[in-house]
Amino acid sequence: MSDQAKLAACISPGAAQDATVVAQANTGGWVSVEEIQRMARRRFQDPTPKRHRKWWTILVRKDEFVDGKLVRKLKRVRLLPLVRQDGRKVGEREAKRAASEYLRDVNQGLETPAAAITFGDYVEKTYIPVVLPLMAKSSRDRSEGILENYLLPVFGKLCLRDLDGRKLQQYFSGPTLVSLSHESRDKIRDVLSSVLGSAVKYGLLLRNHAQAVKVPPDRRGKRRPKPYLTPAQFDELLILIEEPYASMVFVAVWTGLRVSELAALKWEDIGEDSITIDERFCRGDWGAPKSEASNATIGVNPEVIARIHRLKFLTVEGNAGGNNAVRTYKVVKSDGPTDLVFQSLRTGAPLRDNNILTRHIKPAARKMGLPWVNWRCLRTSHAVWLKMAGADVKDAQAQMRHSRASTTLDIYMQFVPESQRRVVNRLSSLRRVQ
């Protein structure tokens, strides 16, 4: 076994494959196997609580990283005040119980020496260079913003081992995030859980306490349902949008595809009555679909397939440069198996979703008095139309390509009064004939 594998095995059994990451990214250099073994050796601690000023305290041996080296230091830890706020004195027996609880993880081997690295150092040296590149660009950008604005200022100087469930729950229940929406706080928890989860994977932690954190309910009451277009509104909207963007919007609402998946569609993905989703393109970044469930082939109405193939024969007029010159462009420059379905008119490159939204969809929607229309709205509309058509929840989940049916049911399939009335009216058929 190599030194790297031995190192990982010492930090966490089964983590040998991640040895290089742990050793280089978290210690600033190579640490000898003997040193890690020495630091990892269990030492049962049972210090006697002592009175120190106004507190019961204990002296505890703690591991720390200093200049890239793992060292063990003796530290004084406050346990309980000598006198509580109600005037009641705290005895030595109660202080001993507090000391035993404080040292439980250390004495039971639930705390690794490598957990002495600070949250900030781990994020900078491991999470950002090793974990973030595996995510889609949109997820990377969101995670970096949350780390910079919310997590690093609060937890950056704390050791990973100090991020226990109580401390994390205090942060999410406290006043720091009170002004944020429930959805924003939920995203912050997801990023924190991703960081600590990767630390578990690489053997620095044995548990991810962020998984047990609960986000307080939104104080503004039940969140508003996501808006959606009725079929009649959509037909009116489509008339106001130019080609080829009208066809792109048409495919979006009748298939429920995300805009990043639309932008990545190739002619080999288009079947006779189906579409295969196996790539996505977002803001210049190519990648796999959002989740395993998103990578799928879905059934499509023949009308949608016909609209897609119609693009091959379309031409549109566009600006050709200076002096207000106008030029005729083929919507599809090339329709080989690996060519894009939706192409830039000038270069044939992938379309930029934000440009289409701000230059074509939004202006058309504002003319109708619907300023809330966006790409997400089109996907929500597809889910609602499935419900209006009487689709089973599991069928709708498969069509929307969600990992959980609850996502389809609770987030996308909005309340439809007409649908509810039809169901209520059908109840009469259950009545026994007298």
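Brief remarks follow.
- Restricting attention to segment 270-287, the residues that are part of a loop (DSSP other than H, G, I, E, B) and touching a residue at least 24 places away in the same chain (Cβ under 8 Å) add up to 5.
- Within the option set GLU303, GLU292, being within 22 Å of GLY271 (Cα to Cα), outside any strand (DSSP E or B), of a type in the set (D, E, K, R) and under 29 Å from the mean Cα position of the chain (by Cα) holds for one residue only, GLU292.
- Boolean, GLU317 is at pLDDT below 90, closer than 30 Å to SER403 by Cα and not in a helix (DSSP H, G or I): no
- Test: residue in segment 202-210 that is closer than 16 Å to ILE117 by Cβ, aromatic (Phe, Trp, Tyr) and either surrounded by 13 or more Cβ atoms within 10 Å (Cβ to Cβ) or in the same structural domain as GLY369 (by TED's automatic domain parsing) (or both): yes
- ALA115 fulfils the conditions (1) outside any loop (DSSP other than H, G, I, E, B); (2) at pLDDT below 90; (3) surrounded by fewer than 21 Cβ atoms within 10 Å (Cβ to Cβ) except for a single criterion, (3).
- Residue within segment 405-416 that is crowded, with 16+ Cβ neighbours inside 10 Å, aromatic (Phe, Trp, Tyr) and modelled with pLDDT of 75 or more present: no
- Pairs where the first residue, in segment 338-360, is farther than 15 Å from VAL259 by Cβ and the second is surrounded by 13 or more Cβ atoms within 10 Å (Cβ to Cβ) and of a type in the set (Phe, Trp, Tyr), C-beta under 6 Å, 6+ apart: ASP339/TRP267; LEU345/TYR329
- Some residue of segment 264-272 being at pLDDT 90 or above, aliphatic (A, V, I, L, M) and within 22 Å of LEU240 (Cβ to Cβ): no
- Within the set VAL316, VAL300, VAL326, the sole residue that is touching a strand residue (DSSP E or B) at 6+ places or on another chain (Cβ under 8 Å) and closer than 18 Å to PRO231 by Cα turns out to be VAL300.
- Pair list, Cβ under 7 Å, 6 or more apart: segment 365-382 residue farther than 15 Å from LYS226 by Cβ, other residue outside any helix (DSSP H, G or I) and of a type in the set (S, T, N, Q): none
Yes/no matrix, rows are residues, columns are (1) part of a loop (DSSP other than H, G, I, E, B); (2) within 30 Å of the chain's Cα centre (by Cα); (3) among the β-branched types (Val, Ile, Thr); (4) farther than 22 Å from THR338 by Cβ:
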{"site": "LEU238", "(1), (2), (3), (4)": "no, no, no, yes"}
{"site": "GLU242", "(1), (2), (3), (4)": "yes, no, no, yes"}
{"site": "MET248", "(1), (2), (3), (4)": "no, yes, no, no"}
{"site": "VAL251", "(1), (2), (3), (4)": "no, yes, yes, no"}
{"site": "TRP254", "(1), (2), (3), (4)": "no, yes, no, yes"}
{"site": "LEU257", "(1), (2), (3), (4)": "yes, yes, no, no"}
{"site": "SER260", "(1), (2), (3), (4)": "no, yes, no, no"}
{"site": "GLU268", "(1), (2), (3), (4)": "no, yes, no, no"}
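- The lone exception for ARG352 - which of (1) more than 25 Å from the chain's Cα centre (by Cα); (2) surrounded by 15 or more Cβ atoms within 10 Å (Cβ to Cβ) it fails: (1)
The values are calculated or read from the model by the stated rules, or taken from the named source; none is laboratory data. Fair warning: this is a prediction, and the values are worked out from it, not measured in the lab. Every residue, glycine as well, gets a Cβ built from its backbone with ideal geometry; the counts of neighbours run over all protein chains shown.
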